[in-house]
Structure formats: structure tokens, C-alpha cells
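Here the structure comes first, spelled out in C-alpha cells, and everything after it is commentary.
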Amino acid sequence: MALSEKKQYRSWGNKMRSKNLIVNSTAITKSRQGVTSYQMNRIVKQAGFTLGDWARYLHLSERSMQRYFKVKKTFELPYAERIIEIESLFLLGNEIFGDPAKFKLWLYRPNLTLGEATPASFLDTSEGIRLIMSKLHQIEHGIFA
């Protein structure tokens, strides 16, 4: 690899790391600010998950979720962080599959690489969300996931 190519590659790598830091710091800031019930309502409609699904993912009862919406309460840490992680996953999935319905079908279909579990069953933990994000990136690059 020529010296100019190495510089260009290093420069690109630095830009990508910088971009990741910006995205991560934005997510951290959003998590700390919380997710308003208005924002959460928009995310619920956009993602297409039921209130019961969200209650499971956030480790809240469905009744508690309803109260958040009724009194217009803000979802604070750690709930906001999980909401933002799932929203990011949903946006990536839609981008990769090109259609929210296809992505949702993939989420709820048993997956061989996950031991026949559904990808959606992993969305109740941050580590599970990272695992599913990794699977989506594998699909994006043509790797069986």
C-alpha cells in the first residue's frame, strides 16, 4: 500500500471513529435528557411494537407504561437508554431490509444462529440489542445471520 493510500485510509478511519463518537455522545446526551411521552408515542407508532412488547423490553408493567403516557411523564435513565437503543436498531433494520414489515417479520421469526430464539426476544437487555445489531450488520454484509 502506497504512503498516500495509508494516509487516506488512516484519515478515513479517524473520520469514522469521530463520527461514532458523535453518534455515541448524542445518544448519551439524549439518554440523560430522557424520552418524553410524546417522543415515546412517536417511536411506538414508528416501530410498530405493541405496548406489551415495550413493557417487556423496558421491564415495566403495561399499566406503568399507560401511566407514563397518561400523565405525560418523561422516561428517564435507564428506560430512555433502552428506548434509544431499540429505536436505533429499528432504524438500522428498516434500512437493511428496506421495509418495516420485512424487518418485523425477521425479528419475530426463530433464528437458527440464535439457537432458534427470535431476535425480538433479545431486546430486553442492552447486550441482547448489541447482539441483534451485530446480526443486522452481518446481513448487511451478506453474511448468514
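The values are calculated or read from the model by the stated rules, or taken from the named source; none is laboratory data. Just so it is clear, the model here is predicted, and its values are computed rather than measured. Reconstructed Cβ throughout: ideal geometry from the backbone, glycine too, with neighbour counts over all protein chains shown.
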Can you tell me how many residues within region 25-36 are crowded, with 17+ Cβ neighbours inside 10 Å and either free of Cβ contacts under 8 Å to residues at least 24 places away in the same chain or polar (S, T, N, Q) (or both)?
1
Output the number of residues of region 44-75 satisfying the condition of being within 22 Å of His137 (Cα to Cα) and buried (at least 17 other Cβ atoms within 10 Å of the Cβ).
3
Elements of type helices (runs of 4 or more DSSP H) contained in region 36-93, each with 1 or more residues being more than 20 Å from Tyr108 (Cβ to Cβ)
37-47, 62-70
Filter region 76-122 for residues that are among the acidic types (Asp, Glu) and without any contact (Cβ under 8 Å) to a residue 40 or more places away in the chain; the one that is farthest from Glu140 (Cα to Cα) is Glu116
Residue by residue through region 112-125, note down the ones that are out of contact with any Gly (no Cβ under 8 Å at 6 or more places or on another chain) and either of a type in the set (A, V, I, L, M, F, W, C) or farther than 17 Å from Asp53 by Cβ (or both).
Leu112, Thr113, Leu114, Gly115, Glu116, Ala117, Ala120, Leu123
When Phe90 is evaluated against the numbered criteria (1) touching a strand residue (DSSP E or B) at 6+ places or on another chain (Cβ under 9 Å); (2) within 18 Å of Gln46 (Cα to Cα), which criterion, by number, is the only one it fails?
(1)
So, Ile129, is that one within 14 Å of Phe49 (Cβ to Cβ), in contact with a strand residue (DSSP E or B) (Cβ under 7 Å, 6 or more places away or on another chain) and in a helix (DSSP H, G or I) or not?
no
Residues in region 109-118: is at least one loosely packed, with under 14 Cβ neighbours inside 10 Å, under 29 Å from Gln33 (Cβ atoms), modelled with pLDDT of 95 or more and of a type in the set (Lys, Arg)?
no
